[in-house]
Structures are given as structure tokens and as C-alpha cells.
1. Using packing as a proxy for protection, rank 32-43, 90-101, 58-69, 128-139 so that the peptide with the highest average count of other Cβ atoms within 10 Å comes first.
2. How large is ³J(HN,Hα), in whole Hz, for each residue of segment 68-83 in order, when computed from phi with the Karplus curve 6.51 cos²θ - 1.76 cosθ + 1.60 and θ = phi - 60°, using x for Gly and Pro?
3. Quick query: amide H of VAL96 versus all other amide H atoms, modeled in the peptide plane; which residues come in under 5 Å with a sequence gap of 5 or more or a different chain?
4. Can you give the extra length, in nm with one decimal, that the chain gains between ARG131 and ARG114 once fully stretched, where that is 0.36 nm per residue apart less the Cα-Cα distance?
5. Amide H to amide H under 5 Å from MET126: which residues, 5+ apart in sequence or cross-chain, H placed 1.01 Å off N in plane?
6. Tell me which residues come under 5 Å, amide H to amide H, from ILE134 once H is placed; ignore anything under 5 positions away on its chain.
7. What does the accessible area per residue of segment 92-147 come to in Å², with a 1.4 Å probe and no ligands, DNA or RNA counted?
Amino acid sequence: NIDSRNAEGFRVERPEGRRGAMAGQLEALQVADGSFILVDSGMFTDSQADILYNFLKQNSPHEKPIVSAWIFTHDHGDHTGGFSKFILRYTDDVIVKAFYFNFTGWGSFSRKVRSAYPDAIVYDNMQAGMRFYIADAQIDVIYSYVDRYFAEVEITEQCKRSGG
């Protein structure tokens, strides 16, 4: 069971010049060992980075907050932009153990992740059916862009036998 006492959704200001309710997406869950699972990272704003860091610091039982899993659902600025701002300000203040994602354009994002946290494990090819255990949480991948874009691709028996 995830300890939802410290589950938090983050909504912050819109970037200058943007209209509408563009606040980005970021969810934080604290698991039994006191570490966090983050889903997405919100917008590329100073306040987004500050709010996230302050939340982690205030709720962490560790000297440095530990993010056991940082999951990114897709590569849009309102989901990944906050990560870019966060690493400019707080890379050395937070331990990140692993990243999980699979989206087009992953190469540049994967390089950014590996550069900021070279010791973290990077799962950059998430596929439906994968399962991960993080502390007392179970993460099941139920859908990825591969399911959307390649659902109609037929794998021939010859291809299956050859492994390619």
C-alpha cells in the first residue's frame, strides 16, 4: 500500500504569455521507506522546481530526499519541462535512483537524465506488461507509445523465428 498521507499534486503558475489553465502535471507519492515516486515534473518554471524540492525536503526522513522512481508519461513540456529546471537548481540536493519512460524523442531526454544523475538506472524503453516494485509500491506499465503506433504491425512467423 502506498502511504498516501504525503501524496501531493502540484499546480503552479502559467509560463509568461500562456493562456488558459496550463499548469503542467506532477504527482508525488511517498512510499514506506520514506523515498518518493514522482510522476512527471510539471512546467519549466523556478517555482515548480522550488515547490517540488521543498515538498521533498519537508517530507523526507533522510538528510537528502531520495526519489526511488521518477516516471515520465510523455515528452510534452508540461510533463518534462520541470525536470530541466529542477536539475539546474537541485541536482546535488536530491538522490534519484531510477528513471522510467518511453516516448519518441527519448534520445535527448535520456542524455539529459544520464548527465544529471549518472548513477541512476534508466529504463528508457518501457513497454506494456512490465512490472516494477519500488519499496511497497507495485508499478504496472499498461500502455506505451509502441502500443499506439505499432498496434497494427503484423509480425510474420519468419521474423519471429529469426528474432528480428
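The values are calculated or read from the model by the stated rules, or taken from the named source; none is laboratory data. Here the structure is a predicted model, which is why all the values come from computation and not from measurement. Every residue, glycine among them, receives a Cβ derived from its backbone with ideal geometry; neighbour counts consider all protein chains shown. Note: accessible area is taken over every heavy atom of the protein model, side chains too, but ligands, DNA and RNA are not part of it. Shrake-Rupley method; radii C 1.70, N 1.55, O 1.52, S 1.80 Å.
1. 32-43, 90-101, 58-69, 128-139
2. 6, 8, 10, 9, 10, 7, 6, 8, 10, x, 7, 10, 10, x, x, 4
3. VAL67
4. On the way: separation 17, 0.36 × 17 = 6.12 nm, distance 2.22 nm.
Contour length minus Cα-Cα distance gives 3.9 nm.
5. Sorted by chain and number, the residues that satisfy this are PHE101, ASN102.
6. ILE139
7. About 57 Å² of surface per residue is accessible.
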